[in-house]
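The values are calculated or read from the model by the stated rules, or taken from the named source; none is laboratory data. What you see is a predicted model, and the numbers here were worked out from it, not measured in a lab. Note that each Cβ is placed from the backbone with ideal geometry, even for glycine, and that neighbours are counted across all protein chains shown. SASA here: full protein model, heavy atoms, side chains in, ligands and nucleic acids out. Shrake-Rupley method; radii C 1.70, N 1.55, O 1.52, S 1.80 Å.
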Amino acid sequence: MRDLLITGARLLDPATGLDGPGDLLVRDGAIADLGPGLAAPEGAEVVDAGGACLAPGLVDMRAHLGEPGAEHRETIASAAAAAAAGGITTLCVLPDTDPAIDDPALLSFMFRRGEATGSVTLLPYGAATVGCAGKELAELGLLHEAGAIAFTDGAHAIGNARTMRLALSYARAFGAFIVQHPEDPTLAAGGAATEGELATRLGLPGIPPAAEAMMVARDIALARLTGGHVHFAHVSTGAALDLIRAAKAEGLLVTADTAPPYFDLNETAIGDYRTYAKLSPPLRTEADRQAVVAALADGTIDAIASDHQPRDADDKRLPFAQAEAGGAGLATLLGVTLARVHGGDLSMNQALAMLTCRPAALLGLACGRLARGAPADLLMFHPQRGWKVEAGKLPGKAQNSPFDGRALEGRVLGTWKAGRRVFGA
Amino acid sequence: MSHPSKHLLAIEGLEPPHIADLLDLAESYALLNRSGKTQRDLLKGRTLINLFFEDSTRTRTSFELAGKRLGADVINMSVSTSSVNKGETLLDTASTLNAMQCDLLVIRHAQSGAPALLSQKVDAAVINAGDGTHEHPTQALLDALTIRRHKGRLEGLVVAICGDITHSRVARSNIHLLTTMGSRVRIVGPPTLIPADAARLGVEVFTDMKKGLEGADVVMMLRLQRERMSGGLVPSAREFFRFYGLDAEKLAVAKPDSIVMHPGPMNRGVEIDSAIADHPTRSVIGEQVEMGVACRMAVLDVLARRLPRNR
């Protein structure tokens, strides 16, 4: 493979805080050098960034794909195309598929399918329980040996306290963490929107925000009991974030991510029964949205994940309570996150850290940074260039964006996977 | 005569003049109906379809009668609730109805927002005849007309809406209509049947029936669905009747000339005592049904005026 020299870039490495003009040299799929005034080796391909930002490719630690079992919604190949267009080079995929990824053979299927894309590193989670059904533990050791990055039941909360205790406790033996969908399933049962004035007006069954804080409180107690590591996915309420903040201060192994809808939208986005804005957890009040922004800014939240959930028209063109929850998120992950940079809540590197080096560190990955020897997974973007999110015109199969119609500033110009360009001219 | 939309999907969003116009028109239809002069040709050549995804006798019959009295061709379509009442059926039905060139579509559905979804897919004017736990606009209109005929006004009246508020579309539509028209609305029920943040709808919330009924001009009872008891929201029917059923003792704290209403069908001995339901002067439950036809005629009339002349 020819050497690649990207010149005239604004180099952004959130791991070191680097933010300055410079060039970057790629050799044999890895970053060979970076800094100002690099000379082009003979025969190298030279790309002029023209002042655009060059950052590590994004590490998305939470995405649902349709494969296996729901290929009509999204395949690994279509998701990979959407990821490349969104600047994502590492995609962690959830195991609550059909069948659930609860067997080493299924894990190796996922790895093979990921490698076949050639554009994204696909890292599967293993199921925490058999069939993601929340009853008996899956073979966490064998799954870990086969490459599972961590364990979770995906969008299914592990509701039984004893099961969660066992999972947290047993996973310690392999240094693995458990990702929880923090929502008490008995309180949330049948709910379609956050309980409160809006749900009351629309006549929709509500999910009290306390369903999230309760599960977080319980699992923090279990982390304390077991010494295990619990990671809370798509945290969306101030009450839960306060508990996580306190648990971190106590020194417990507690981490958390959130997803763009929870810091960019509030419950009013469901408006007149708009099913594209039906998510799980449901969109919250404006006060909770602001609490999520504050937790991004103060470091309580470790990572921003797309929480991509592909749905097709048949899933969404239904009365609100019957429609499936979930939003497409791969193509909008960067742009919606940058809105918080443009809004002054986060610095550029602070925002990028939650999309790159912080999730990478959590998952023990070498990617997510601009450093000599690191994989040349790269993202070039223009932070101000605008575009409009339009369902029907998004890359990939899934078009169910809760951001449909939203104008974003921040456009991906190019994505490289191990030095090979996978998106952009 | 003004109406702000092609459809009638909800009371929420209507302004006082819209509501007053509808009530005035309904009043005139009530008089016309009593005079026996029924058939008019206002809706001649128009097709009205009653599309009911939930069982209902009185509302469907009321719309049918209203349509026929105005000269429309009325067709009843009951979509079996035992088969899947999923939205696929709903949208498939929408294209069928469009092909039939239906002008006025009356829909009842178990899901909140189903009429709104349908209204985006059909050419007809859509009338919500009850959707899930969201709204039942024509019920609120007929209740308001009944109240106005007895009290002469809506403004300043104390109206107590009692029972299962959480699951009641009738309660929501009445709350919106009555607060818009200046009534003082109270909701009364056990905390497990009061929806979240209910006070933000502009009502006073009571969990003690006698306090809630004190000085009320109107006592509006709601039907308690049997499944609420199996769902554990209320321990038993007899306990509910003891604390929230309307009997003579509880009604005694309301104004002496207060009226008692119920949207039907009633659970006698659960939310209302038979002696009250059948009370010759206090109960206006029969009149509510009569006003239902008049209000639905008014709604059909107003929406038909916005329809294109020829299809």
Query raised in the report: Picking from A:Trp416, A:Trp387, which residue would you name as being open to solvent by 10 Å² or more (accessible area, probe 1.4 Å), among the aromatic types (Phe, Trp, Tyr) and assigned to a strand (DSSP E or B)?
Result: A:Trp387
Query raised in the report: Can you pull out the strands (runs of 3 or more DSSP E) entirely within the stretch B:115-204 that have at least 1 residues that are acidic (Asp, Glu)?
Result: B:125-131
Query raised in the report: Assuming B:Asp197 fulfils every condition listed in (1) without any contact (Cβ under 8 Å) to a residue 24 or more places away in the chain; (2) more than 10 Å from chain A (Cβ to nearest Cβ); (3) on the phi > 0 side of the Ramachandran plot apart from one, which condition is it?
Result: (2)
Report task. Sort through A:Ala313, A:Ala325, A:Ala303, A:Ala353 and tell me the only one that's without any contact (Cβ under 8 Å) to a residue 12 or more places away in the chain and under 26 Å from A:Gly396 (Cα atoms). Result -> A:Ala313
Report task. Would you be able to say whether some residue in the stretch B:102-114 is among the small types (Gly, Ala, Ser) and more than 14 Å from chain A (Cβ to nearest Cβ)? Result -> no
Query raised in the report: Restricting the stretch B:254-270 to residues that are at pLDDT below 95 and touching a Leu at 6+ places or on another chain (Cβ under 9 Å), which is surrounded by the most Cβ atoms within 10 Å (Cβ to Cβ)?
Result: B:Val270
Query raised in the report: Could you list, in sequence order, the residues of the stretch B:200-221 that are hydrophobic (A, V, I, L, M, F, W, C) and within 14 Å of chain A (Cβ to nearest Cβ)?
Result: B:Leu201, B:Val203, B:Val205
Query raised in the report: Here is a list of conditions, (1) touching a residue at least 12 places away in the same chain (Cβ under 8 Å); (2) over 20 Å from the mean Cα position of the chain (by Cα); (3) closer than 30 Å to A:Gly405 by Cβ, and A:Gly238 meets all of them except one; can you say which number that is?
Result: (2)
Query - Which numbered condition B:Pro190 misses (of (1) touching a Phe, Trp or Tyr at 6+ places or on another chain (Cβ under 7 Å); (2) within 14 Å of chain A (Cβ to nearest Cβ)) - result: (2)
Requested in this report: Report the residue count in the stretch B:43-61 for those that are open to solvent by 50 Å² or more (accessible area, probe 1.4 Å) and either basic (Lys, Arg) or touching a helix residue (DSSP H, G or I) at 6+ places or on another chain (Cβ under 6 Å) (or both).
Outcome: 3
Report summary line: Matching residues in the stretch A:135-176 (open to solvent by 10 Å² or more (accessible area, probe 1.4 Å) and over 17 Å from A:Ile101 (Cβ atoms)) number 13
Report summary line: Checked the stretch A:1-18 for anything surrounded by 15 or more Cβ atoms within 10 Å (Cβ to Cβ) and over 23 Å from A:Ala84 (Cα atoms); matches are A:Leu18
Query raised in the report: How many residues, within the stretch B:224-242, are out of contact with any helix residue (DSSP H, G or I) (no Cβ under 8 Å at 6 or more places or on another chain), part of a loop (DSSP other than H, G, I, E, B) and within 30 Å of B:His150 (Cβ to Cβ)?
Result: 1
Report task. Scan the stretch A:60-117 for residues that are over 21 Å from A:Phe423 (Cβ atoms) and assigned to a helix (DSSP H, G or I) and jot them down. Result -> A:Pro104, A:Ala105, A:Leu106, A:Leu107, A:Ser108, A:Phe109, A:Met110, A:Phe111, A:Arg112
Query raised in the report: Among the residues of the stretch A:177-197, is any among the hydroxyl-bearing types (Ser, Thr, Tyr) and open to solvent by less than 10 Å² (accessible area, probe 1.4 Å)?
Result: yes
Report task. Output the number of the condition that B:Ile75 fails; it satisfies all remaining conditions of (1) crowded, with 24+ Cβ neighbours inside 10 Å; (2) assigned to a strand (DSSP E or B). Result -> (1)
Query raised in the report: B:Leu91 passes all but one of (1) within 14 Å of chain A (Cβ to nearest Cβ); (2) within 15 Å of B:Gly130 (Cβ to Cβ); (3) at pLDDT below 90; which number fails?
Result: (2)
Report summary line: Within the stretch A:191-217, residues being more than 14 Å from chain B (Cβ to nearest Cβ) and touching a helix residue (DSSP H, G or I) at 6+ places or on another chain (Cβ under 6 Å) number 4
Report summary line: Given the conditions (1) within 14 Å of chain B (Cβ to nearest Cβ); (2) modelled with pLDDT of 95 or more, every one holds for A:Gly271 apart from (2)
